[in-house]
Amino acid sequence: MKNVSIVLFATATAAILLLAPAQAQVTLKASHQFPGGKGDPRDEMVQIIAKEAKAANVGLEIQVYPGASLFKPNDQWNAMVNGQLDISSFPLDYASGKVRAFGATLMPGLVRSHDRAARLANSPFMKDIKAKIEKAGVIVLADAWLAGAVASKKGCVRKPEDIKGVKIRSAGPTFAAMWQAAGASIVSIPSNEVYNALQTGVAEATDTSTGSFVSFRIYEQVKCITAPGENALWFMYEPVLMSKKAFNKLNKQQQDVLLKAGKKSEEYFAKESKGLDEKMVKTFQDNKVEVVTLSTAEYQAWIDVAQKSSYAEFAKEVPDGKKLIEEALAVK
């Protein structure tokens, strides 16, 4: 009888040990608005984190939902704050309605080049932005700055007068303020709805990242695009973010795996970012769209408009808005 008890105890113990990994398995949900499986580097950033998490064998799996298939673009921030969504590749300015200071991460002329974007990483400006992200209940897994452009169905946008009377989709309030000050009217929609808006005439022009211009095939709808070149007006912070509620539920080993995966994802994107601009230029030229860049004088004309509109409004409306602008401009 004693031997039978020992056998039963051993069998039960083995069964518990076999079940333990299954019980410890955590499945996280990652959502973003960008196309999946088509080479969009923002999707690839999330896929890298998912692959690394699975390969680490720490009971962690990430299901990725691209193309706004799980949450609409503008709903992702609240979903992360509330713990309904675990991870997202997210244009931070989309949450500027909730945290107005986030508008600084899509401010005309504040970044200007990929090299300056890289130098911003450890600046007081980014430390302040990340502190505000964390205060809201979200953390950064991987940094990503994307250059952007402006394209129109009517013609090339080089000077402020070129946008007068044009219905333009603007990615965020700071650019909207500049476009409006130059005489445009604003259409507020996320980047995954731009193609249809241009096709149906709801919008006649758009600003967005160089990656989105290609991913969403905007070249099929416009006549001319103003590429970043040496004088990029448009840069946007689009990090991979994670809900603090979700992160805090993980054990230390799982958290470390995600943070390490985030660094690998960030390194991948740093190598890809300039290539996105080159790919956009080639794609638009291949599709017979005129491609131009801003001269230093043209760039300055836009900065003059932005300083009287975007910069002035931001400094006035955001408690530490002036400080954020000055911190970013101080990075040489």
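The values are calculated or read from the model by the stated rules, or taken from the named source; none is laboratory data. Source: prediction; values computed, not measured. Cβ: placed from backbone, ideal geometry, glycine included. Neighbour counts: every protein chain shown.
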Taking the stretch 278-323 and keeping residues aromatic (Phe, Trp, Tyr), within 14 Å of residue 228 (Cα to Cα) and touching a Gly at 6+ places or on another chain (Cβ under 8 Å) leaves 299, 302
Taking the stretch 169-195 and the residues there that are assigned to a loop (DSSP other than H, G, I, E, B) and free of Cβ contacts under 8 Å to residues at least 60 places away in the same chain, the one that is surrounded by the most Cβ atoms within 10 Å (Cβ to Cβ) would be 170
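Listed here are the residues, each with its yes/no results for (1) among the β-branched types (Val, Ile, Thr); (2) within 22 Å of the chain's Cα centre (by Cα); (3) under 26 Å from residue 183 (Cβ atoms).
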residue: 229; (1), (2), (3): no, yes, yes
residue: 250; (1), (2), (3): no, no, no
residue: 276; (1), (2), (3): no, yes, no
residue: 288; (1), (2), (3): no, no, no
residue: 297; (1), (2), (3): no, no, yes
residue: 309; (1), (2), (3): no, no, yes
residue: 312; (1), (2), (3): no, no, yes
residue: 319; (1), (2), (3): no, no, no
residue: 332; (1), (2), (3): no, no, no
Taking the stretch 108-125 and keeping only residues that are without any contact (Cβ under 8 Å) to a residue 60 or more places away in the chain and either crowded, with 19+ Cβ neighbours inside 10 Å or polar (S, T, N, Q) (or both), one is left with 122
Based on this model, can you work out whether residue 165 counts as farther than 21 Å from residue 96 by Cβ and not aliphatic (A, V, I, L, M)? yes
Among (1) in a helix (DSSP H, G or I); (2) surrounded by fewer than 24 Cβ atoms within 10 Å (Cβ to Cβ), residue 198 falls short only on (2)
Residue 49 vs (1) closer than 26 Å to residue 189 by Cβ; (2) modelled with pLDDT of 95 or more: all pass except (1)
Here the residues within the stretch 155-168 that are surrounded by fewer than 23 Cβ atoms within 10 Å (Cβ to Cβ) and either at pLDDT below 95 or aliphatic (A, V, I, L, M) (or both) are 166
Being surrounded by 11 or more Cβ atoms within 10 Å (Cβ to Cβ), modelled with pLDDT under 95 and not in a loop (DSSP other than H, G, I, E, B) narrows 78, 74, 3 down to just 74
The condition from (1) farther than 23 Å from residue 257 by Cα; (2) at pLDDT 90 or above that residue 32 misses is numbered (1)
